[in-house]
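Quick notes on the structure that follows.
The values are calculated or read from the model by the stated rules, or taken from the named source; none is laboratory data. Since the structure is predicted, the reported quantities are computational estimates derived from the model, not experimental observations. Cβ coordinates were reconstructed from backbone atoms using ideal geometry, including for glycine residues, and neighbour counts include every protein chain displayed.
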Amino acid sequence: MTKQEFEKQIRDLQKELVELQKEKAMLRLQPCRGDAEIREKETKFDELDSRAKTIDETLRGLTRKRHLSISESTTRGTYVSPRPDDPL
């Protein structure tokens with residue numbers, strides 16, 4: 001996967017996470033009229049929390065992979081480590 005693909009996926013997931021957080025905020029503001037509505041609301045919160053956790057874990061994994069690919073590409077460069085007998 002290229003750097004641009006990683007960044008696009010990360011941006012898309014971040015947008016999805018923001019939308020999910022907005023949805024949770026809206027749900028939190030909705031009034032409940034009884035036990036059944038409270039249970040429905042709690043179920044929806046659980047679903048949203050689960051999705052948020054999955055997105056967050058995916059974001060961490062993609063970020064880690066992106067950093068690894070960047071560090072691998074920089075280590076493949078022309079850097080030559082100094083030998084012990086080289087003058088400073």
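Quick notes on this one:
- Candidates in segment 1-49 are the residues that are assigned to a loop (DSSP other than H, G, I, E, B) and of a type in the set (S, T, N, Q); of these, the one that is modelled with the highest pLDDT is GLN30.
- Any hit, segment 35-51, residues being touching a Lys or Arg at 6+ places or on another chain (Cβ under 6 Å) and of a type in the set (Phe, Trp, Tyr): no
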